[in-house]
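Visitor: Below: one structure in structure tokens.
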Amino acid sequence: MLKLGLLLLILPILVLMGAYFMELSDVRDCLLVQEGHWDYRAGVCRDTAQPFVPWVDRHPWLVNGGMLTSVAGVALCMVGLYVKKR
């Protein structure tokens, strides 16, 4: 149970960071190489200025689901540490 809890605790963090940094790479490529403006809603580079939309507003299920999964992982870790091994 402890191993499953640790997996549920760590895996969502890695998934969130991976998704965030993949998008950040596209944004930096648009701004620095193509000298455009990133459209956060559509996920494409445009010629005109676009409003900033926070990542949590664009992917609420991913962020909230990751946080809930991490909390479930903490709970499983606590139970795994509390219960004696047989």
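Visitor: Can you give the accessible area of Arg58 in Å² (nearest 10), computed on protein heavy atoms with a 1.4 Å probe?
Guide: 40
Visitor: Separate question: Quote the FRET efficiency, to the nearest 0.05, computed for Asp26 versus Met78 with a Förster distance R0 of 35 Å and r equal to the Cβ-Cβ distance.
Guide: 0.35
Visitor: Tell me which cysteines of the chain come out unpaired when the rule is another cysteine's Cβ under 4.7 Å.
Guide: Singleton cysteines: Cys77.
Visitor: What percentage of the solvent-accessible surface of the chain, computed with a 1.4 Å probe over protein heavy atoms, is contributed by carbon and sulfur atoms?
Guide: After summing per-atom areas, the C and S share lands at 68 percent.
Visitor: So, with +1 on the Cβ of K and R and -1 on the Cβ of D and E, and no other charges, what is the size of the charge dipole of the chain about its Cα centre, to the nearest 20 debye?
Guide: Details: 8 positive and 7 negative charges, 186 e Å.
Using only the charged Cβ atoms, the result is roughly 900 debye.
Visitor: Hand me the chymotrypsin sites (Phe, Trp or Tyr not before Pro) from region 24-83 located in a DSSP loop with no more than 13 other Cβ atoms within 10 Å, in residue order please.
Guide: Within region 24-83, the qualifying chymotrypsin sites (Phe, Trp or Tyr not before Pro) (loop, at most 13 other Cβ atoms within 10 Å) are Phe52.
Visitor: Moving on to the next point. Note the full-extension length gain between Ala19 and Gln34 as 0.36 nm times their separation in residues minus their Cα-Cα distance, in nm to one decimal. Mind showing how you got there, number by number?
Guide: On the way: separation 15, 0.36 × 15 = 5.40 nm, distance 2.16 nm.
Length gained, Ala19 through Gln34: 3.2 nm.
Visitor: Okay, helix-only estimate at 222 nm for the chain: each DSSP H run of n ≥ 4 adds -39500 (n - 2.57), divide by all residues, round to 500 deg cm²/dmol; what do you get?
Guide: Calculated from helices alone, the mean residue ellipticity at 222 nm is -21500 deg cm²/dmol.
Visitor: Among 67-73, 19-25, how do they line up by average Cβ neighbours within 10 Å per residue, starting with the highest?
Guide: Highest-to-lowest ranking by the protection proxy: 67-73, 19-25.
Visitor: Can you give the local net charge around Cys30? Use residues other than it whose beta-carbon is closer than 13 angstrom to its beta-carbon, Lys and Arg +1, Asp and Glu -1.
Guide: -4
Visitor: Here are labelled values, (1) 13, 25, 24, 20, 12, 4, 1; (2) 19, 41, 21, 12, 5, 1; (3) 17, 33, 22, 15, 9, 3, 0, and one is the computed P(r) over Cα pairs in 10 Å bins from 0, in percent for what I pasted. Which one?
Guide: Identified label for the calculated read-out: (3).
Visitor: Helix 60-82 versus the longest principal axis of the chain: what is the Cα-based angle in degrees, 0 to 90, to the nearest 10?
Guide: For helix 60-82, the angle is close to 20 degrees.
The values are calculated or read from the model by the stated rules, or taken from the named source; none is laboratory data. Computed from a predicted structure; not experimentally measured. With ideal geometry, Cβ positions are generated from the backbone for all residues, glycine too; neighbour counts draw on all protein chains shown. SASA here: full protein model, heavy atoms, side chains in, ligands and nucleic acids out. Shrake-Rupley method; radii C 1.70, N 1.55, O 1.52, S 1.80 Å.
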